[in-house]
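*Asks:* Quick one: the structure is below, questions incoming.
What follows draws every value from the coordinates through simple rules; no lab data is involved. As the structure is a prediction and not an experimental result, all values here were calculated from the model. Neighbour counts run over all protein chains shown; Cβ positions are idealised from the backbone, glycine included.
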Amino acid sequence: MRDALSLRGNHALLTRANPLVKFTAVTLITLVLALSIDWVSASVALTFELLLLPLAGLTVALLWQRGWPLILAAALGGWSTAILAPEAGSVLFDAGIWTISTGSLQLGLGFMLRGLAIALPAVLLMSCTDPTDLADALAQNAKLPHRFVLGTLAAMRLVGIMAEQWQTIGMARRARGVGSSGNPYQRFRATMGQSFGLLVQAIRSASRLAVTMEARGFGGATRTWARPSTFSGLDAWVLLGGLCIAAAAVAAALAAGTWNLVFLAHQ
Amino acid sequence: MTTSPGVRPAAVTARGWGWRHAGRPRPAVNGLDLDIRPGERVLLLGPSGAGKSTLLHALAGVLGDSASGGPGPAGDAEDSDETGSLLIDGAPPRARRGRAGLVQQDPETQVVLSRLGDDVAFGAENLSVPAPEIWPRVREALDDVGLGRLPLDHPTSALSGGQKQRLALAGILAMRPGLLLLDEPTANLDPAGVLEVRDAVGRCLDKTGATLVVVEHRVAVWKDLVDRIVVLQPGAATDSAVLNSAVLLDGPPDQVLAEARDMLIGAGVWVPGYVPATRTRTAPASGQLLLAADGLAVSRERPRRAGLREGFRSIAPRAVQSGIATQVRAGEALTITGQNGSGKSTLALTLAGLLRPVAGTVCVPAGPGSGPGGGAGTDPYRWKAQQLISRIGTVFQEPEHQFVTGRVLDELMFGPRHLGYGEERVDELLERLRLTDLVDANPYTLSGGEKRRLSVATVLAAHPQVLVLDEPTFGQDANTWAELASFLSELLDAGTAVVSVTHDAEFSAVLGGTELRLHTRETAAGSGPGGAASAAAPDSGLPEGAAS
């Protein structure tokens, strides 16, 4: 968990861009894709995003390793849309309540591609951005309150610790005779007990960490930054790239006549 | 006294100072009068409940409700309450942000950020040190604590416990505080880690000349570094008019240790040169085979699933230790030793049937599968939890991880009630481990020593033949230590087998038996992959015990 968020060994071009700019570019693409369910804009954006993988230091294998839940979710979303959407065009497959028609297949495909095209930039962003650098940029460039940003960052470290504690508490409770066997109710109760144990430990860890931070002077109105978050020429290119991908997706969909705004009532 | 630029040793003045925590009827500290001159090095001793940590937190300016920024209105039991005055350089600690730096006990929550350099810079940033000054300070601080060779982007999660405590010290040094406050900084560390931290503190004090206040009940570790020992007594006792001071004794280390030796020993303090009296084993004979491991490889990680291309087959995790063969017999003690990270706890948890072996077998010949009608076999990992606890009991390093109820008595009855037998043994355990007065208390509210005794009692209530303990003496005072060691030696004589992971040579000496020493991968020269283990008599070449 904690290792997955580390950037060590990744020296790709995009790791040097300002995290806030990367974040803005990703938001742009996501917003545009969220506007329309059509397979043209989604596949154009997806193609560009896949081409960008090497710039973020990602390979297809790494992408699968880190983003498989999202990819699976997109595929499932597409599949269920294809099955459940109202028929349009000729029916290709009919199994009682489950039917697939050309229209619903198109909608399902659009749904899946769109899901992927929206999820992929987020995976790209986190693969080439250290959380600490993102926090620096959010506090220094975006002027978000530093207490909130740094507090969240420190809490994220605890998530990794909690994953380890979950395993330890599970073993410790088994050693007391609380097992994860039996009927579903007994298992549910065992899980609830383990969750309570974890909650107690999480609160202890959090309050100790809070004392650590306060003892190091955290919480004052002003502070300086050892890592100034700055912009460079690369950032202009990143922003331009984001704009281009978003624009290309819209233009292609408009040209193909598939642009389909989600919030307009469609037949 | 030479000082590096920017560090001015701080003075501490307490006049009739007292503090009552919110919701507690009695003050933690009451009527404290104390003067600490700039540059003095003070070791703070006293029985648990004497308010040592409270004083340290107050000096660090982290005590009480940070939102209100000061003491609450007196008289309301829900609010904390401050009396008298406690000053650093003539001002309240809260007004002196950055003058004092605090290192606490738990290494894991001393780390704030995920990269080494960033973590050290954190305090300096908060004090608004100009950015160009911060990185030289960070490098200097890391050099001073002996972590200078690591790159600044080294992940903090990859550090050992001792390294994390030194990192916390570096983070404080980068703030250039005039007062170092250490709250049992070495209680959770192995002997090597204890010395690492102690020596780093010594170097930094020699260099900066800062004032030191350290709380620690292992006196031998700090005795030669401090020039004054202050013994506190519990605030509750000072309600009487006869004793009106929180300070019981105060003076040079040798003088205080000579005057108060008996009193300190009575309070459970580890006085140098004193090993608490323990019971000697009477019947060190070994009986039937209870547990055997063969070709065992262990890891905390679970098997991963391979990708789509390899058909999601299961990939075994990398073992921290492999090729371990050992036997545990009735009435026999086995001590697992080795450096941090050598997989001691992992091995113990695997032997205890809590982790799945990566390779090899753990076999309990008298498992539930051996009798008529049994079917669970001899591999404890495959047993149901209830089958496990009546055969192998495991006491974890952190007692709180094992609490499953909200009352001490329920905690003890939990195992017997689930098994359907053995409730009559609970009274005996309560008596033997001095828990009788606490039966209605919430386990989470007990003191450290009480929690340890309770966690041992709860596991024993299920009457296991094999008892596995992970660092049972870590952070324990001398009284709890002696009770625990004596109790376990009694159990051994009665035929229980005891497997313990420990750094504590005196403890293993009381238990007797054999030692299984694990070597880390790096230091195991020519032993093939996966480290190596060697067995030896318990008294041959063990490192100096953590508890001496």
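*Asks:* For the stretch B:375-401 and the stretch B:129-170, compute the distance between their C-alpha centroids and round to whole Å.
*Replies:* If we compute the Cα centre of each part, the gap is 41 Å.
*Asks:* Let a ≥ b ≥ c be the square roots of the eigenvalues of the Cα gyration tensor of chain A; is it rounded (a/c under 1.5), or, if not, prolate (a/b larger than b/c) or oblate?
*Replies:* Verdict is oblate for chain A.
*Asks:* Taking amide H positions as placed in the peptide plane 1.01 Å from N, state which residues far from B:Leu469 in sequence (5 or more) or on other chains have amide H under 5 Å from it.
*Replies:* B:Val395, B:Val499, B:Ser500, B:Val501
*Asks:* State the number of lysine pairs found in the protein assembly as shown whose Cα atoms come within less than 29 Å, restricting to pairs 8 or more positions apart or on distinct chains.
*Replies:* Count of close lysine pairs: 14.
*Asks:* Can you list the DSSP H helices in chain A whose Cα atoms extend at least 18 Å along the helix axis and whose mean Kyte-Doolittle hydropathy is 0.5 or higher?
*Replies:* A:19-35, A:39-52, A:60-84, A:102-127, A:233-256
*Asks:* Per DSSP H run of at least 4 residues, take -39500 (n - 2.57); add these up for chain A, divide by its residues and hand me the 222 nm value, nearest 500 deg cm²/dmol.
*Replies:* So the helix-based figure for chain A works out to -23000 deg cm²/dmol.
*Asks:* Taking the 0 to 90 degree range and rounding to the nearest ten, how far is the long axis of helix B:448-460 tilted relative to the main principal axis of chain B, both from C-alpha atoms?
*Replies:* Rounded to the nearest ten degrees, it is 10.
*Asks:* Collect residues whose amide H, placed 1.01 Å from N in the peptide plane, falls under 5 Å from the amide H of B:Gly360; neighbours closer than 5 in sequence don't count.
*Replies:* Here the answer is B:Ala297, since their amide H atoms fall under 5 Å of that of B:Gly360.
*Asks:* Next up: Want the number for B:Arg261 to B:Asp493: 0.36 nm per residue separation, take away the alpha-carbon distance, what's left? Don't jump to the answer; show the numbers that get you there.
*Replies:* On the way: separation 232, 0.36 × 232 = 83.52 nm, distance 3.26 nm.
Extra length from B:Arg261 to B:Asp493 when fully extended: 80.3 nm.
*Asks:* Return one number: the angle in degrees, 0 to 90 and rounded to the nearest 10, between the long axis of the Cα atoms of helix B:478-493 and the longest principal axis of the Cα atoms of chain B.
*Replies:* It is inclined by approximately 10 degrees.
*Asks:* To check you understand DSSP bridge types, tell me what percent of the beta bridges within the protein assembly as shown (both residues inside) are antiparallel, rounded to 5.
*Replies:* Approximately 55 percent, going by the DSSP bridge assignments.
*Asks:* Which residues does a label at B:Ser447 reach in the stretch B:267-281, if reach means a backbone N under 17 Å from a point 7 Å past the Cα toward the Cβ?
*Replies:* Once the point is set 7 Å along Cα→Cβ of B:Ser447, B:267-271 turn out to lie under 17 Å by backbone N, inside the stretch B:267-281.
*Asks:* Right, another one. Please turn the phi angles of the stretch B:16-23 into ³J(HN,Hα) values with the Karplus equation 6.51 cos²θ - 1.76 cosθ + 1.60 (θ = phi - 60°), one per residue in order, whole Hz, x for glycine and proline.
*Replies:* The phi angles translate into x, 6, x, 9, 10, 5, 4, x Hz.
*Asks:* Is the stretch B:479-520 rounded, prolate or oblate when judged by the Cα gyration tensor, a ≥ b ≥ c being the square roots of its eigenvalues, rounded requiring a/c under 1.5 and prolate requiring a/b larger than b/c?
*Replies:* Oblate, since a/c reaches 1.5 and b/c is not below a/b.
*Asks:* Measure off 7 Å from each Cα along the Cα-to-Cβ vector at B:Thr436 and B:Leu289, then give the distance between these two points in nanometres to one decimal.
*Replies:* Here the answer is 4.3 nm between the modelled labels.
*Asks:* Now for a different question. Helix B:408-419 versus the longest principal axis of chain B: what is the Cα-based angle in degrees, 0 to 90, to the nearest 10?
*Replies:* Roughly 10 degrees between the two axes.
*Asks:* Just for chain B, what percent of DSSP beta bridges are antiparallel, to the closest 5?
*Replies:* Values: 35 of 71 bridges.
Beta bridges within chain B, antiparallel portion: roughly 50 percent.
*Asks:* Let me ask something else about it. Across peptide B:397-405, what mean number of C-beta atoms from other chains lies inside 10 Å of a residue's C-beta?
*Replies:* Numbers: counts 2, 6, 1, 6, 13, 9, 6, 10, 2.
For this peptide, the per-residue mean of nearby foreign Cβ atoms is 6.
*Asks:* Can you grab the distance from the C-alpha centre of the stretch A:124-144 to the C-alpha centre of the stretch B:249-292, Å, no decimals?
*Replies:* 53 Å
*Asks:* Here is a follow-up. Can you list which of the trypsin sites (Lys or Arg not before Pro) found in the stretch A:88-174 are DSSP loop residues with at most 13 other C-beta atoms within 10 Å?
*Replies:* Hits after loop and neighbour filter: A:Lys143.
*Asks:* Return the sequence-ordered ³J(HN,Hα) values of the stretch B:34-49 in whole Hz as given by the Karplus equation 6.51 cos²θ - 1.76 cosθ + 1.60 applied to θ = phi - 60°, using x for Gly and Pro.
*Replies:* Whole-Hz 3J(HN,Hα) from phi for the stretch B:34-49: 7, 10, 10, 6, x, x, 6, 10, 10, 9, 9, 10, x, x, 5, x.
*Asks:* Starting from the Cα-Cα distance between A:Ser90 and A:Ala251, subtract it from 0.36 nm times their residue separation and give me the gain in nm to one decimal.
*Replies:* Fully extending the segment from A:Ser90 to A:Ala251 adds 55.1 nm.
*Asks:* Given axes a ≥ b ≥ c from the Cα gyration tensor, I'd like to know whether the protein assembly as shown is rounded (a/c under 1.5), prolate (a/b larger than b/c) or oblate.
*Replies:* Oblate.
*Asks:* Then there's this: Taking a label point 7 Å from the Cα of B:Arg304 along the Cα→Cβ vector, which residues of the stretch A:42-78 have an amide N closer than 17 Å to it?
*Replies:* Residues passing the 17 Å test: A:58-69.
*Asks:* Quick one: which residues, 5+ away or cross-chain, put their amide H under 5 Å from the amide H of A:Asn18? H built at 1.01 Å from N.
*Replies:* The list, which skips near neighbours in sequence, is A:Ser232, A:Asp235.
*Asks:* Say R0 is 22 Å: what FRET efficiency, to the nearest 0.05, do A:Leu50 and A:Ser232 get from their beta-carbon distance?
*Replies:* 0.30
*Asks:* Still on this model: Could you go through the stretch B:392-406 in sequence order and give the Karplus-derived ³J(HN,Hα) for each residue, using 6.51 cos²θ - 1.76 cosθ + 1.60 with θ = phi - 60°, rounded to whole Hz, and x for Gly and Pro?
*Replies:* Each residue's phi maps through the Karplus curve to give 10, x, 10, 9, 7, 4, 9, x, 4, 4, 9, 6, 10, 10, x Hz.
*Asks:* Could you work out how far the C-alpha centroid of the stretch A:17-68 sits from that of the stretch B:446-470, in angstrom?
*Replies:* Here the two parts' Cα centres lie 54 Å apart.
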